[in-house]
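Novice: Okay, here's the structure, questions in a sec.
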Amino acid sequence: MNYRTKKTFLCIMMILCLSGCTQSQEATTKKTTSATKETTTKKSSLDVFKENDYYSDYQTEETTTIALSSQTTDVKITSAGCYVLEGSLQKHSIIVDAKENDVVRIVLQNASIQSASTAPIYVKKAKKVILSLPQGTKNSITDTDSYEVNIDKEPTAAIFSKADLTINGSGELQVNASYKNGIQSKDKLKLLDANLQISAANDAVKGKDALYICDGTYTIKANKDGIVTTNQEKGAMILEKGTFHITAKQDGIQAATTLRILNGTYTIVSGEGSVNEVAQNQQPWGDFKDHEETDEKSSKGMKSGKAMLIENGSFSINAHDDAIHSNTTIQIKKGTFTLKSDDDGIHADQKLTIEDGTLQVKQSYEGLEALHIVIKGGKISVCASDDGINAAGEGNPVLEIFGGYTYVDAYGDGVDSNQDIVMEDGMLLIMGPDTGGNGALDYDGRFQMNGGTLIALGSSGMAMAPSSDSKQNSVMLNVDASLAAGKAIYLEDADGKFVIGAVPTRTIQSIVISSSDIKKNAVYQIMTNGTANKKRDIMATNATNGDKLTSLTIEETITTYGNSGMMGKPSGGMPPRGGRP
């Protein structure tokens, strides 16, 4: 081999060695290969995660290790492979510009990357990029508040990818995003068993076509949305499990299309949380601090553009807007919920279905609101400054109750339907208003009380009882003098045996009771000012020492004492509010 040929050969070999990772000066790299079989741990029950989405030991792969501390310019990755980044890179970025079919894995091994004028990690082109965080490592990504962007005004995040992006591994990753978003993919974004702390000037975690999260711990602080998808045709979000602490000035979690939550623990504060305590006097919308319904900025706890399905989980949500909101439907199968809101506790434009779980709306303007509300089971407690449960919207509003335990404490209408109410089973306890402008029950069509237990307490001026075509008997009492808070009102049978009763938490003038224990043609003594020996919320399960008000014989489905209230009055419900931001 002559000198010229030998020189050419050496040049070609050098180019090939450095072609996967190019820089202005020679990279400090090494390649290791192990024959150990790659191991993966599958944790998801879903098929949205592929084999290489799960964390695997990178030491079982052929890797290229890059010592970041020795780099004086951007690190550019231009081909498929596994790249291990160690040390600190200051004022520069990791840029992936590979082929369209290349899969690039980047392992952060106690890496710190701080850019000067663009995204610290910028994926321009690849089929997929996998960012791995080995257990026990501590990594950080920090950008600046000003970027040099291209004609598309990109990049827009500290970790920005135009390809599918997966982040896996239980190592720590701190993302400090001063420009705009924390982590963003213009395609699919997947997070598996990650340990992320993100502070973002705009959105913290942002996917376009889809966002899937399985396990991990996520602590998020965002000046806009916490976790969000944007594609209004494809932008589904699935949260399988994990622990989430989200503080967002706008929506905590927002899915452009469907949102499915299988499990997990969620602590969310959106829009700086609820700022209004539920007061004794009803507050119209305009009296709520800094909260206009026409405001374009949405500050909901969790929101979906299409259907929302919650299968299980623990949720603590404090929201300035709706705590949980869907532009279409919400289905809750199970879970534990503690909600505070300056608007609705839970709002669905079309249908809200609650099958099971423990749900507390501790503070709200309206507790539960949808065109069609179905309660099949669970334990529900609602506190509202206006309507507790409101079936309203364009169409045929209806509230259906088939089971469960529901307690409503409301200063507006306790339970309001702009059309019908049907109750087949379960327990519905309503502590309604003590002023005459609203009632414990309010409906425009019919209330078919066919089974279960109903106790509705409140003022008498707008009081309503179930419809006369109900299958189960009801008693409605309206008195002129107020009945005192804390004193039991109850029914005794002809033998003086306690049947059913109530203990109001405010002074009232009206009580409606329906139970299968109220028999036709039976005679009952109505007792007031009694002592409740046992009670559950406003329902007395035993009471004594009452004063006899009157005796009633149950001759009709609805038996009344005193004035008949406002049967058939116009609805006092809120107008439809579908399509809010």
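Novice: How big is D, in µm² s⁻¹, for the range 355-399 by Stokes-Einstein at 37 °C and 0.692 mPa s if Rh is the Kirkwood radius over C-alpha pairs?
Specialist: So the translational diffusion coefficient is about 298 µm²/s.
Novice: May I pose another question? Cα convex hull of the range 484-561: mean projected area in nm², to one decimal?
Specialist: So the mean shadow area of the Cα hull is 4.7 nm².
Novice: Next question. 5 Å is the cut-off here: which amide hydrogens, built 1.01 Å from N in the peptide plane, fall below it relative to G335, excluding neighbours closer than 5 in sequence?
Specialist: Result for G335 returns G313, G357, T358.
Novice: For E272 paired with K234, estimate the spin-label separation in nm (one decimal), with each label point 7 Å from Cα along the Cα-to-Cβ line.
Specialist: With each label placed 7 Å out from Cα toward Cβ, I get 3.8 nm.
Novice: Taking square-rooted eigenvalues a ≥ b ≥ c of the alpha carbon gyration tensor, is the range 80-211 rounded, prolate or oblate, where a/c under 1.5 means rounded and, failing that, a/b exceeding b/c means prolate?
Specialist: Rounded.
Novice: Just to be sure I understand, if you calculate volume of the Cα convex hull per residue in Å³ for this structure, which of (1) 155; (2) 376; (3) 187 do you get?
Specialist: Looking at volume of the Cα convex hull per residue in Å³ for this model, the match is (1).
Novice: Oh, and also: Check cross-link reach from K124 to the lysines: straight Cα distance under 20 Å, and skip same-chain residues fewer than eight apart.
Specialist: In chain and number order, the partners are K76, K91, K99, K153, K162, K180, K186, K188, K190, K206, K208.
Novice: Moving to a separate point now. Using Cα atoms only, what is the angle between the long axis of helix 3-18 and the major principal axis of the chain, expressed in degrees (0 to 90) to the nearest 10?
Specialist: That helix lies at roughly 10 degrees to the long axis.
Novice: Which net charge results when you count Lys and Arg as +1 and Asp and Glu as -1 among the other residues whose beta-carbon is under 13 Å from that of G530?
Specialist: +2
Novice: Of all accessible surface on the chain at a 1.4 Å probe, what whole percent is carbon and sulfur?
Specialist: 45
Novice: Sticking with this one: Counting only residues 5 or more places away or on other chains, whose amide H sits under 5 Å from the amide H of V107 once H atoms are built in the peptide plane?
Specialist: Y83, V84, L85, S132
Novice: Rounded, prolate or oblate, given the Cα gyration tensor of the range 429-495, with a/c below 1.5 counting as rounded?
Specialist: oblate
Novice: Ok, one more. Taking 1 over the mean of 1/r across every pair of different Cα atoms in the range 131-194, what Kirkwood radius in Å do you get?
Specialist: Final number for the Kirkwood radius of the range 131-194 is 12.5 Å.
Novice: Related question: Where does the Debye-calculated log10 I(q)/I(0) of the range 311-434 sit at q = 0.13 Å⁻¹, using only Cα point scatterers of equal weight, no solvent?
Specialist: Treating every Cα as an identical point scatterer, log10 I(q)/I(0) equals -0.41.
Novice: Let me make sure I get this right: for the range 405-468, a, b and c are the square roots of the gyration tensor eigenvalues over alpha carbons, sorted descending. Under 1.5 in a/c it's rounded, otherwise prolate if a/b > b/c, else oblate. Which is it?
Specialist: oblate
Novice: Express in whole angstrom the spacing between the alpha-carbon centres of the range 139-166 and the range 473-516.
Specialist: Spelled out, the Cα-based centre of one part sits 65 Å from the other.
Novice: With Cβ to Cβ distances under 10 Å as the rule, what net charge do the other residues near K125 carry (K, R +1; D, E -1)?
Specialist: +1
Novice: A follow-up question, please. Given the -39500 (n - 2.57) contribution per DSSP H run of 4+ residues, what per-residue ellipticity at 222 nm results for the chain, rounded to the nearest 500 deg cm²/dmol?
Specialist: My calculation for the chain gives -1000 deg cm²/dmol from helical runs alone.
Novice: Give, in nm to one decimal, the length gained when the segment between A485 and S70 is fully stretched (0.36 nm per residue of separation minus the Cα-Cα distance).
Specialist: Gain on extension, A485 to S70, equals 141.8 nm.
Novice: Still on this structure, I have one more. If you count only protein heavy atoms with a 1.4 Å probe, what accessible area per residue comes out for the range 484-561, rounded to a whole Å²?
Specialist: Result: 47 Å² per residue.
Novice: Using the Kirkwood formula over every pair of different C-alpha atoms, what hydrodynamic radius in Å results for the range 434-542?
Specialist: Value: 14.1 Å, from the Cα pair sum.
Novice: Limiting things to C-alpha atoms, what are the Rg and the maximum Cα-Cα separation (Dmax) for the range 116-157, in angstroms?
Specialist: 12.8, 40
Novice: Counting only the backbone N, which residues of the range 159-203 are under 18 Å from the spot 7 Å out from the Cα of Q135 toward its beta-carbon?
Specialist: Of the residues in the range 159-203, 168-173, 192-196 have backbone N under 18 Å from the label point off Q135.
Novice: Using alpha-carbon positions, what is the distance between the centroids of the range 394-470 and the range 320-379, in Å?
Specialist: Taking the Cα centre of the range 320-379 as reference, the centre of the range 394-470 is 17 Å away.
The values are calculated or read from the model by the stated rules, or taken from the named source; none is laboratory data. Note that this is a predicted model, so its numbers are computed, not measured. Please note: Cβ atoms are built from the backbone with ideal geometry, for glycine as well, and neighbour counts cover all protein chains shown. Side chains are part of the model used for accessible areas, which takes the heavy atoms of the whole protein and leaves out ligands, DNA and RNA. Shrake-Rupley method; radii C 1.70, N 1.55, O 1.52, S 1.80 Å.
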